[in-house]
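Here's the structure, in structure tokens; my notes come after.
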Amino acid sequence: VDDVTLFCHPQPDDIEVVKAILQLFGRASGLHVNFAKSTATLIGCEDDTVMPVIESLGCPIVDLPITYLGLPIWKAWLMNRAGRLELVKLVLSAIPLHQLLVLAPPKRILRMLKRIQRGFLWAGRAEAKGGHCHVNWRRVARPKSLGGLGVHDLERTGMALRTRWLWFSKTDERRAWAGLGLQFSAEEQAFFFASTYTSIGNGHNTKFWEDRWINGRSVCEIAPLLHACIPKRQRKSRTVVEGL
């Protein structure tokens, strides 16, 4: 992720908090900040007093005016289609990723984003009519190895990113958000459970009611009526060790 701007007061405490938050975000998401490739700009403050504070971030200091990564829609028609394709993949597809990590956008929003991507790629503007589109968007969103152009399908990408948290909750308890009780849709949970199974070790990390530990099936799949009688708190927390 390149296009992020943060504003803070030039105080040692504020700088340390910002750096700690960025490091925490990196440990939680795997998207680590490269401070050497980042820059800091001073606005309305004295260089002599602030410079040592900023230097603790480990990033170079640049003066105004600065450049900021953006998408020059007004000049898109000057680019060839290969260049527009790269911007669609590296910018338009990357901007929603932070939201897709934790939120499932409404279908309407996903259609709007897809329309913007399609218009920029084929026509160099916000929208493109059917005659401008040379390839069906479903094919465009396939990986190159499957005959597509490698543009992310935002709906499927979002589901993959969110179910990734479910995987980490089972495999890595050191994550900063572990135990926060993240919310997932029934569709995301069904996709995750259909794609995984649990091998019991000591039984302390396997949920008795929810995890698929009985020959690749869960108690809620085998006995749904019994599962429905159990209080939700117990269904979510009781382990195999406790249940047996």
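The values are calculated or read from the model by the stated rules, or taken from the named source; none is laboratory data. The model shown is predicted, which means the values in this text are computed figures rather than measured ones. Cβ coordinates were reconstructed from backbone atoms using ideal geometry, including for glycine residues, and neighbour counts include every protein chain displayed. For accessibility, only protein heavy atoms count, side chains too; no ligands or nucleic acids. Shrake-Rupley method; radii C 1.70, N 1.55, O 1.52, S 1.80 Å.
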Residues whose modelled amide H sits under 5 Å from the amide H of residue 61, counting only those 5 or more places away in sequence or on another chain, are 40
Given the -39500 (n - 2.57) contribution per DSSP H run of 4+ residues, what per-residue ellipticity at 222 nm results for the chain, rounded to the nearest 500 deg cm²/dmol?
-12500 deg cm²/dmol
What angle, in degrees between 0 and 90 and rounded to the nearest 10, separates the Cα long axis of helix 107-123 from the longest principal axis of the Cα atoms of the chain?
40 degrees
Quick one: if you stick a label point 7 Å off each Cα along the C-beta vector at residue 14 and residue 136, how many nm between them?
5.4 nm
Between [x] 83, 37, 26; [y] 85, 42, 26; [z] 66, 58, 29, which matches Cα extents along the principal axes in Å calculated for the structure shown?
[z]
Rule-of-thumb check for the range 1-63: C-alpha Rg over 2.2 N^0.38 Å?
1.11
Can you give me the solvent accessible area of residue 135 with a 1.4 Å probe, rounded to the nearest 10 Å²?
50 Å²
Quantify, in whole percent, the carbon and sulfur part of the accessible surface of the chain (1.4 Å probe; protein heavy atoms only).
57 percent
Just read off the accessible area of residue 170 with the full protein assembly in place, 1.4 Å probe, to the nearest 10 Å².
90 Å²
What number of lysine-lysine pairs in the chain show an alpha-carbon separation below 24 angstrom, given a sequence spacing of 8 or more or placement on distinct chains?
17
Solvent exposure of the chain as accessible area per residue, Å², 1.4 Å probe
67 Å²
Quick one: which residues, 5+ away or cross-chain, put their amide H under 5 Å from the amide H of residue 184? H built at 1.01 Å from N.
none
Between the range 76-120 and the range 218-242, what's the alpha-carbon centroid distance in Å?
41 Å
With label points built 7 Å along Cα→Cβ from the Cα atoms of residue 37 and residue 175, find their separation and express it in nm.
2.4 nm
Using label points projected 7 Å from each Cα along Cα→Cβ, tell me how many nm separate residue 237 and residue 217, to one decimal.
2.9 nm
Theoretical gain in end-to-end length, residue 78 to residue 204 [0.36 nm per residue, Cα-Cα removed]
39.4 nm
